[in-house]
């Protein structure tokens, strides 16, 4: 145990308000520059318009920043919120926190959701959201003590940088013998030395007697946290019951929660077994359907993929309850006990690995041509401990590896690293370099967009090929699904507000496998409804997995099975029971639509949010190289002949590649048109004034902004 | 005999997943099934032989993400 010091430099005693129907109606504000602590009321109009969670975060952030604000300016705010339903212990998946801030990699609004106890404990301590502005050169720990009704800021010294040890030490320090009362938010050295830092949110595992964590990974939220001089933010609360949220109708809440919880207990073992194997079942399923990214999204399949499949992780995961929130019956946060890394500062020491999940397996495994589950576990462990996003690390290294294999960069650029696909030691070495801000890892840690610029400027690499194979959009690295054969999912990624993360829409199976949406209008409808419904989870503090990863047995007989309407109705009942506002499924969509459009307008305010910003690299749309085309020549030839009526006789691969590209890129542009129309946006992808008015976000500054951007109707 | 979605179903030698899905009264377009703990996807339905005395789970839809 290292010697460390926590010196209180500021404190505020406060009176904790009663929670009424899931809300505290106040937020906690910290300015680290001048050590200011304040408690601000939530206006009734804010509550009505933005619902909570991500909605509150966006409104706080909107008011904190200017169009000229950069991610590392003191006024950039880091906001964390639960939501009105967050912290309910009965209903599965009710412990999510949402983080929002201006991103170092996209320069616009980023949101990232995460499990763990922090969001609920923050709310039970008296705050619907936390907003942190300012910066400090002396690292601080913030302690939100809901039990003793006190906020403290401590200057720190001697604490370890890595989140693995830091989480354990701070849990022990603040717990006073009750570690389950503590949740720690922290990052690690990788967040300081890269732009792709994540945040770790802890939950206490009583059986294994250790603080475990989940990650808010996307868009460098951990980098903002570290840049502010935050070492950790800790929340303390005890005694969570069905009454803690003070629901409007407890009997109704208990009834609907019991229905959903029992259904999961009954059906998960018959379906995806998430309580046993998490999301690792997806690996072989994606591989079978040519959807598992391998070798920087070149291909969707690899014969060695089963080495990373659920059969392996079923054996590696330590059995037991792994719920990242109390009472969740999905309980998918599995981990590996007594794992011994082969490299880095924990080389030879037994550690506990939180994960891996599917995204990490695909990102740090197959997409790097690595089919060794132990290397994936080691990458997972160090990404978390270093405070690095496994998705951006995986997609970033994959891009660098392909550039190396193509001869665009070489050992003189990589510091002698032989960055070939499948080189496990090189991938791990790069990860350690990222954490330490050293060598070639320092460049890879800037993310794919900046890597492309550096390679072009410093290494004289042609930009066009990097634009095609660098898997980022809006500055965010793609998460780990192949989209070449699913136009709808190309839109699911490309039209997502923050960049290509699948939390808005995951339509590959509906589109590609089942062909349920053959027309542009059907795809556009899906790209309206699914992002809107999925956004609702982030407003309320919920996990989406219980919605559509465990399916009612009679769902297949419903009109629109993909929506799992029975569960949507349960969620409407859940919201009504907690908040006392009687709502139906359409009301949930309206809540989300309001916040969703506001976020799009926020992007516009920051200089983005137009049609051109919804472009995606061609690797996400179709084959970039002759080799890719030829690997699936029958598929592509058939499409040219049957769908586009092209005579391919005598045409070279390069000619067919170019023709296919032209057609596929046209399809994507047509999809944009259809989706913008369905969403009530202009052909440039901007919400119309009419849409803003309909949704109640026609604030004077919003309408002035739309006018200034040429939106007059 | 095999068990399919909780119900007994007669097994025959060489029975594939495709054969089974044709035999049962269920028109849902399944893309994935489980044979005990083994996941099988649609591209492999025709060549995957179901052993006797196994339990088959029909995975209704892979929602992902």
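The values are calculated or read from the model by the stated rules, or taken from the named source; none is laboratory data. All of these numbers come straight from a predicted model, not from anything done at the bench. Neighbour counts are summed over all protein chains in view; Cβ atoms, including those assigned to glycine, are modelled from backbone coordinates with ideal geometry.
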**Message:** If residue A:309 satisfies all but one of (1) surrounded by fewer than 19 Cβ atoms within 10 Å (Cβ to Cβ); (2) over 24 Å from residue A:199 (Cβ atoms), what's the number of the condition it fails?
**Reply:** (1)
**Request:** Would you mind stating whether residue A:557 is within 11 Å of chain B (Cβ to nearest Cβ) and closer than 18 Å to residue A:600 by Cα?
**Result:** no
**Request:** State whether the residues of the range A:485-493 include one that is more than 14 Å from chain B (Cβ to nearest Cβ), crowded, with 24+ Cβ neighbours inside 10 Å and closer than 14 Å to residue A:527 by Cβ.
**Result:** yes
**Asked** Of the residues that make up the range A:520-533, is at least one farther than 19 Å from residue A:54 by Cβ and free of Cβ contacts under 8 Å to residues at least 40 places away in the same chain?
**Response** yes
**Asked** Restricting attention to the range A:569-594, which residues are under 22 Å from the mean Cα position of the chain (by Cα) and within 29 Å of residue A:255 (Cα to Cα)?
**Response** A:571, A:588, A:589, A:591, A:592, A:593
**Message:** When you check residue A:280 against the structure, is it surrounded by 17 or more Cβ atoms within 10 Å (Cβ to Cβ) and not assigned by TED's automatic domain parsing to the domain that holds residue A:141, yes or no?
**Reply:** yes
**Request:** With the condition kept exactly as written, say whether any residue in the range A:393-408 is out of contact with any strand residue (DSSP E or B) (no Cβ under 8 Å at 6 or more places or on another chain), more than 25 Å from residue A:464 (Cα to Cα), in the same structural domain as residue A:283 (by TED's automatic domain parsing) and not in a helix (DSSP H, G or I).
**Result:** no
**Request:** Being more than 10 Å from every other protein chain (Cβ to nearest Cβ) and touching a strand residue (DSSP E or B) at 6+ places or on another chain (Cβ under 8 Å) is the filter; apply it to the range B:22-44 and report the residue that is nearest to residue A:551 (Cα to Cα).
**Result:** B:33
**Request:** Would you check if residue A:565 is within 14 Å of another protein chain (Cβ to nearest Cβ), more than 26 Å from residue A:25 (Cα to Cα) and surrounded by 21 or more Cβ atoms within 10 Å (Cβ to Cβ)?
**Result:** no
**Prompt:** Can residue A:592 be described as away from chain B (no Cβ under 14 Å) and surrounded by fewer than 22 Cβ atoms within 10 Å (Cβ to Cβ)?
**Reply:** no
**Message:** Please determine whether any residue of the range A:440-459 is surrounded by fewer than 24 Cβ atoms within 10 Å (Cβ to Cβ), away from chain B (no Cβ under 14 Å) and not in a helix (DSSP H, G or I).
**Reply:** yes
**Request:** Collect the residues in the range A:386-416 that are closer than 23 Å to residue A:346 by Cα and touching a helix residue (DSSP H, G or I) at 6+ places or on another chain (Cβ under 7 Å), keeping them in residue-number order.
**Result:** A:386, A:387, A:388, A:389, A:390, A:391, A:393, A:394, A:397
**Item:** Of all residues making up the range A:301-319, the number that are more than 24 Å from the chain's Cα centre (by Cα) and within 16 Å of residue A:213 (Cα to Cα)
**Value:** 1
**Request:** Please work out which one of (1) more than 27 Å from residue A:103 (Cα to Cα); (2) without any contact (Cβ under 8 Å) to a residue 12 or more places away in the chain is the condition residue A:13 fails and give its number.
**Result:** (2)
**Prompt:** Which ones in the range A:417-449 are closer than 25 Å to residue A:500 by Cα and out of contact with any helix residue (DSSP H, G or I) (no Cβ under 8 Å at 6 or more places or on another chain)?
**Reply:** A:449
**Request:** Looking only at the range B:5-12, decide whether some residue is farther than 25 Å from residue A:516 by Cα, within 13 Å of another protein chain (Cβ to nearest Cβ), touching a residue at least 12 places away in the same chain (Cβ under 8 Å) and surrounded by fewer than 11 Cβ atoms within 10 Å (Cβ to Cβ).
**Result:** no
**Message:** If residue A:221 meets every condition in (1) free of Cβ contacts under 8 Å to residues at least 60 places away in the same chain; (2) in contact with a strand residue (DSSP E or B) (Cβ under 6 Å, 6 or more places away or on another chain) apart from one, which number is that one?
**Reply:** (1)
**Which listed residue is in contact with a helix residue (DSSP H, G or I) (Cβ under 8 Å, 6 or more places away or on another chain) and at pLDDT 95 or above, from A:708, A:692, A:658** = A:692
**Fill in**
Subset of the range A:498-512, residues away from chain B (no Cβ under 11 Å) and either buried (at least 24 other Cβ atoms within 10 Å of the Cβ) or without any contact (Cβ under 8 Å) to a residue 40 or more places away in the chain (or both), comes to A:499, A:500, A:511
**Complete:** Being under 27 Å from residue A:224 (Cα atoms) and surrounded by fewer than 24 Cβ atoms within 10 Å (Cβ to Cβ) narrows A:358, A:346 down to just A:346
**Request:** State all residues of the range A:100-116 that are over 14 Å from residue A:599 (Cα atoms) and assigned to a strand (DSSP E or B); if no residue qualifies, say none.
**Result:** A:113, A:114
**Request:** Quick one: residue A:615 ticks every box in (1) farther than 24 Å from residue A:59 by Cα; (2) within 14 Å of another protein chain (Cβ to nearest Cβ); (3) within 21 Å of the chain's Cα centre (by Cα) except a single one, so which number is it?
**Result:** (2)
**Item:** residue B:55 within 13 Å of chain A (Cβ to nearest Cβ) and either under 27 Å from residue A:300 (Cα atoms) or out of contact with any helix residue (DSSP H, G or I) (no Cβ under 8 Å at 6 or more places or on another chain) (or both)
**Value:** yes
**Asked** Do we have residue A:87 as assigned to a loop (DSSP other than H, G, I, E, B) and over 27 Å from residue A:191 (Cα atoms) here?
**Response** yes
**Request:** Select from the range A:263-311 the residues that are assigned to a helix (DSSP H, G or I) and away from chain B (no Cβ under 12 Å) and write down the one among them that is farthest from residue A:564 (Cα to Cα).
**Result:** A:307
**Request:** Select from the range A:644-670 the residues that are farther than 18 Å from residue A:625 by Cβ, part of a helix (DSSP H, G or I) and touching a residue at least 12 places away in the same chain (Cβ under 8 Å) and list them in ascending order.
**Result:** A:667, A:668, A:670
**Prompt:** Is one or more of the residues making up the range A:471-483 more than 14 Å from chain B (Cβ to nearest Cβ), surrounded by 20 or more Cβ atoms within 10 Å (Cβ to Cβ), in contact with a strand residue (DSSP E or B) (Cβ under 9 Å, 6 or more places away or on another chain) and more than 22 Å from residue A:573 (Cβ to Cβ)?
**Reply:** yes
**Complete:** Result of the Cβ filter at 7 Å on the range A:160-177, keeping first residues that are under 13 Å from residue A:222 (Cβ atoms) and partners that are part of a loop (DSSP other than H, G, I, E, B), at least 6 apart or interchain, is A:161/A:188; A:162/A:188; A:163/A:187; A:163/A:188; A:163/A:387; A:166/A:159; A:166/A:160
